[in-house]
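> Here's a structure for you.
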Amino acid sequence: MSDINLKAAASPVRERRLGSITGYAGTARDLVQNVRKGCLKEKSRSFSQCLGCSTSNAACTLILIQDAAVISHGPVGCAGCLHEFAFTYRVNGIHRNVDKPAQRRIFSTGINEKDTIYGGAQKLANAIREVHRRVKPNAIFVITTCASGIIGDDVQGISDEAEEEIGIPVVAVFCEGFRSKIWTSGFDAGYHGVARKLIKKPQKKQEDLVNIINFWGTDVFGEWFKRLGLRANYLTPYATVAQIGSSSEAAVTVQACATLGSYLGAALEQEFGVPEIRESAPYGIAQTERWFRELGQITHREEAVELFLREEREKWLPEIEALREKLKGKTAYVTAGASHGHSLLGLLQELGMKPQGAAIFHHDPLYDHGAENGDTLQHVVNDYDDVPNYCVCNKQEFELANVLNRVRPDILFARHGGMTLWGAKYGIPSLLIGDEHFGMGYEGIVKYGHRILETIENDEFVKNLEKHAINPYTDWWLKQDPYTYLENGANVKPY
Ligand code: SF4
């Protein structure tokens, strides 16, 4: 278990805290076994095309808080990717019962060349005051960037002084892009700030309250929990600063994706005494049942959970069987973030499909709670089957374009915008579902199954696109081993 230290200004990056890696190619089972044997090793790439930035992931945990504001302290370009969260907030608000989604409050100090020589401290202090005056938020987050990190602005000191002056939490979040090759370190940075400055010591315990650390998914948990006499407290999207403050009063914390919530779940447990469910999120039948049983045990609702599972099985199993018949033997390739990507690999096998491989953006040997039963990839290989051609890569689209050209699956599952493009260019039906709750539970298997069928059956657009698309990669690259630039090559089956 990693020790969470909320007295420190910044959270340690995942490479150091969890031993996470971004370079591997082999099979999923080998990867899991390497972790268990304690011999997981990062393979570096001698050529790297692109990777994400931690500021964006930190912002993902902060921008959707209803009554907070976020200031990116850096050049305006570093805030360029933050607008997508404003869009997400608006379109998904309705699914989370937010009637009138307020405009997002995203700002940049826009530091320039001169500031990088003379310092951007005054600009930041002025920006905090101005944001407070203009939008009256209940908390302000200051997210750092490479430029502010390199010039060494005292973001912590300025934020603390501003907090004294304006009387609301002003939270410095250290997430410069260069801090970590694993951009999900940005989630941890955002949650570190939330846990340090927003979550308060509990006044009283609320035995029916369940924290759910998630992205922005639909209110699936709320419906389930009503049947179990529980209430859902989503963290942090669409929550208010006050709601986050009292999350320490919850009976338990669960996560939609362990990659996302690992740090905050552990912080809530270690610093505020809220136990965290270790089991991986409820995708696929076996995992759904394990997850609900652990929830029942912690909240003392074992009987209610058994009844719930019985009802769900009776309702959905016949339809799951019918879908399995239709999807039996269809092939799929998955490209996604770690834990959610594992869940997709489980879901497609639950439906009788065959994974041909996966490009997963990083790998955490274990999450912050340190429990082996939280290893989402282990569940997939144990509950279903091994996944061949399993690659860990921080995007590296040149590898994906090469692999897809060889395997040509019946469908590509992607979790990040921009990745489906590669499937479509090759005429492969491609599916991106932004709602991370969509495939959860028994009903989720059914919903996913229908969506997969629709996608595979409606392939006319991608088939046409393939005829006209120009592939920027030439045969020179497409005929080489996709892992040519990975240290010691790869240990994968020939395609
Ligand atoms: S990597 Fe650095 S320079 Fe690039 S967007 Fe992120 S913080 Fe800005």
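The values are calculated or read from the model by the stated rules, or taken from the named source; none is laboratory data. Quick caveat, the model's predicted, so the values are computed rather than measured. Cβ atoms come from the backbone with ideal geometry, glycine included; neighbour counts cover every protein chain shown. We work out accessible area using only protein heavy atoms, side chains counted, and drop any ligands, DNA or RNA first. Shrake-Rupley method; radii C 1.70, N 1.55, O 1.52, S 1.80 Å.
> Is there any pair linking a residue in region 433-456 that is in a helix (DSSP H, G or I) to one that is of a type in the set (D, E, K, R) and buried (at least 22 other Cβ atoms within 10 Å of the Cβ), with Cβ under 7 Å and at least six apart or on different chains, and which?
Pairs that qualify, where the first residue is in a helix (DSSP H, G or I) and the partner is of a type in the set (D, E, K, R) and buried (at least 22 other Cβ atoms within 10 Å of the Cβ), are Ile445/Glu350.
> Here is a further query. Could you say which residue among Gly417, Gly370 is surrounded by fewer than 19 Cβ atoms within 10 Å (Cβ to Cβ), at positive phi, assigned to a loop (DSSP other than H, G, I, E, B) and modelled with pLDDT under 95?
Gly370
> Same structure again: With respect to Thr61, determine if the residue is within 30 Å of Pro472 (Cα to Cα) and modelled with pLDDT of 90 or more.
Judged against the criteria, Thr61 is not a match.
> With within 15 Å of the ligand (Cβ to nearest atom), surrounded by fewer than 18 Cβ atoms within 10 Å (Cβ to Cβ) and without any contact (Cβ under 8 Å) to a residue 40 or more places away in the chain as the only criterion, which of Ile166, Ile94, Ile150 stands out?
Going through Ile166, Ile94, Ile150 in turn, just one is within 15 Å of the ligand (Cβ to nearest atom), surrounded by fewer than 18 Cβ atoms within 10 Å (Cβ to Cβ) and without any contact (Cβ under 8 Å) to a residue 40 or more places away in the chain: Ile150.
> If you don't mind, there's one more thing I want to ask. Of everything in region 178-203 that's assigned to a helix (DSSP H, G or I) and either more than 18 Å from Val70 (Cβ to Cβ) or modelled with pLDDT under 95 (or both), which residue is nearest to the ligand (Cβ to nearest atom)?
Per the stated criteria, the residue is Phe178.
> Here are Pro101, Pro137: which of them is more than 16 Å from the ligand (Cβ to nearest atom), at pLDDT below 90 and surrounded by 15 or more Cβ atoms within 10 Å (Cβ to Cβ)?
Of the residues listed, the single one that is more than 16 Å from the ligand (Cβ to nearest atom), at pLDDT below 90 and surrounded by 15 or more Cβ atoms within 10 Å (Cβ to Cβ) is Pro101.
> I'm trying to understand the selection: among the residues of region 238-264, which are farther than 23 Å from His95 by Cβ and open to solvent by less than 10 Å² (accessible area, probe 1.4 Å)?
Gly245, Ser248, Val252, Ser262, Tyr263
> Take Ser20 and decide whether it is crowded, with 17+ Cβ neighbours inside 10 Å, farther than 30 Å from Ser108 by Cα and small (Gly, Ala, Ser).
yes
> Is it the case that Tyr191 is of a type outside the set (A, V, I, L, M, F, W, C), touching a helix residue (DSSP H, G or I) at 6+ places or on another chain (Cβ under 7 Å) and surrounded by fewer than 22 Cβ atoms within 10 Å (Cβ to Cβ)?
no
> Take Ile65 and tell me if it is touching a Pro at 6+ places or on another chain (Cβ under 8 Å), buried (at least 20 other Cβ atoms within 10 Å of the Cβ) and assigned to a loop (DSSP other than H, G, I, E, B).
It is true that Ile65 is touching a Pro at 6+ places or on another chain (Cβ under 8 Å), buried (at least 20 other Cβ atoms within 10 Å of the Cβ) and assigned to a loop (DSSP other than H, G, I, E, B).
> Here is a follow-up. What residue, among those in region 305-362 that are closer than 20 Å to Gly261 by Cα and of a type in the set (Gly, Ala, Ser), is surrounded by the most Cβ atoms within 10 Å (Cβ to Cβ)?
This residue is Ser343.
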